[in-house]
Amino acid sequence: MVVSESSARRYALDPDVRLMLAVRDDNAASFEELVARYQGRLMTVLRHQVGSRELAEDLAQNVFLRVYRARKSYEPGAKFATWLFTIANNEASKALRSQSRRHEVTLASSDSGPMGSRPLDRMLQASSGQMPARQLAKAEMRDIVRMALETLSERQRMAVLLSKFEGMSYAEIAEAMDLSPQAVKSLLTRARENLREVLQPYLERGDRPTFDAQDDHE
């Protein structure tokens, strides 16, 4: 990939890009710092994407290995996080294809990390239009959110994870997923509609979501 001089200067202001440039110069400490900064975040996204902590750990190792192997050709054409999650998205997609598109995925349960502390509650409130009168236990709501995410297609789920967990913009998600910003906007719109459809019976009647994952042509 050819990176313009202006882009290189702009993204060089990203402290993580600076670390990666040091990695390019064989600075081992800088690579260790990047791993420390991103390992937890990467694991969170991968775990919720592939549904297995063990597989997510393997994929995270593969991602960092690819980053290290690519160090000599690295050019700062994007934020480091965007570049990293581009690699992660590719690794997750390959892993899911190798599993023959399993329809049922068990997401690892955890009270820590973004899902534990902030389980898409604002998005779900906006999507459902109203919250039920009864108060939902946080742990129960986390489980329901995990189940609802499993019903999304692979691309919808990744777009939601990058948007809500990493706070990426449409443009950054588009770059990470090799899509246009408009396509990302459409993915997130459909994801919200699908989550609302899945969650509404629970919010109104207490019916738990079912596991009919969508086709991934969306």
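Points worth noting:
- Approximate spin-label separation residue 183-residue 61, in nm, with each point projected 7 Å along Cα-to-Cβ: 3.2
- Projected label distance in nm at residue 37 and residue 18, using a 7 Å step from Cα toward the beta-carbon: 0.9
- Point-to-point label distance, residue 53-residue 200, nm (Cα→Cβ direction, 7 Å offset): 3.6
Values in this text are rule-based calculations from the coordinates and carry no lab data. For clarity, every value in this text was computed on a predicted model and none was experimentally measured. A quick note on method: Cβ atoms are made from the backbone with ideal geometry, for glycine too, and the neighbour counts reach across all protein chains shown.
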